[in-house]
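J.: The structure under discussion is supplied below as structure tokens; questions concerning it will follow.
The values are calculated or read from the model by the stated rules, or taken from the named source; none is laboratory data. Given the structure is predicted, the values throughout are model-derived calculations rather than measurements. We place every Cβ from the backbone using ideal geometry, glycine too, and count neighbours over all the protein chains shown. The area values use the complete protein model at the heavy-atom level, side chains included, leaving out ligands, DNA and RNA. Shrake-Rupley method; radii C 1.70, N 1.55, O 1.52, S 1.80 Å.
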Amino acid sequence: GHRNLLSKQGSPTRDYNFYTYSIDGTTIGRIHFSSYYTSSPSSDLPQAYGPDTWHHLAITLDITGKQTFYSDGESFFSIQGVPAVFDNAFPIWIARADNYYKGIIDDVRIYNRALTVGEINLLNNIN
């Protein structure tokens, strides 16, 4: 099933949600980014994440609406959506909307711009 990593939501809508999908309850094989404003793509990970392993996940959303998914510093999925601005006062929830994430989440960052590939790689390589 799906497990929430990050969401920005209020009533009556959500700005965005970032979910993982578990293949068997412990192995993560798919991620999903949904939004009230943009497209809601999901994609299989390049390689499933087993339990007790550390991985870096990132999603960028640029000013044109293009969404790019990254796993361990590598781009693996991209789709052209529509531009959106998430500038309301909705709270940001980490691992708690709908279905709670079962695992450890470390170093959550939200930027006001799409990071470059180099910046994604730099963050991936921070120990």
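J.: Report the full-extension gain for the segment Asp24 to Asp62: residue separation times 0.36 nm, less the Cα-Cα distance, to one decimal in nm.
T.: 10.4 nm
J.: Between (1) 1.47; (2) 1.01; (3) 1.13, which matches Cα Rg over 2.2 N^0.38 Å calculated for the structure shown?
T.: This structure yields the entry labelled (2).
J.: Also, I was wondering about something else. Around Gly81, what is the net charge, scoring Lys/Arg as +1 and Asp/Glu as -1 over all other residues with Cβ under 11 Å from its Cβ?
T.: Taking every other residue near Gly81 into account, the sum is 0.
J.: Working only with C-alpha atoms, what are the Rg and Dmax values of segment 60-127, expressed in angstrom?
T.: 13.6, 34
J.: Per DSSP H run of at least 4 residues, take -39500 (n - 2.57); add these up for the chain, divide by its residues and hand me the 222 nm value, nearest 500 deg cm²/dmol.
T.: Computed mean residue ellipticity for the chain: -1500 deg cm²/dmol.
J.: Can I ask one more? Calculate, for the chain, the solvent-accessible area per residue in square angstrom, rolling a 1.4 angstrom probe over the heavy atoms of the protein chains.
T.: Numbers: 7570 Å² over 127 residues.
Result: 60 Å² per residue.
J.: How far apart, in nm, are two points set 7 Å out from the Cα along the Cα-to-Cβ line at Ser34 and at Leu122?
T.: My value for the distance between the label points is 3.4 nm.
J.: Over the chain, what is the relative contact order in percent, taking alpha-carbon pairs closer than 8 angstrom and at least six residues apart?
T.: Reported as a whole number, the value is 25 percent.
J.: Taking the Cα-to-Cβ direction at Ile94 and at Arg109 and moving 7 Å from each Cα, how far apart do the two end points lie in nm?
T.: 1.3 nm
J.: Rounded to two decimal places and with Rh computed the Kirkwood way over Cα pairs, what is Rg over Rh for segment 25-66?
T.: 1.04
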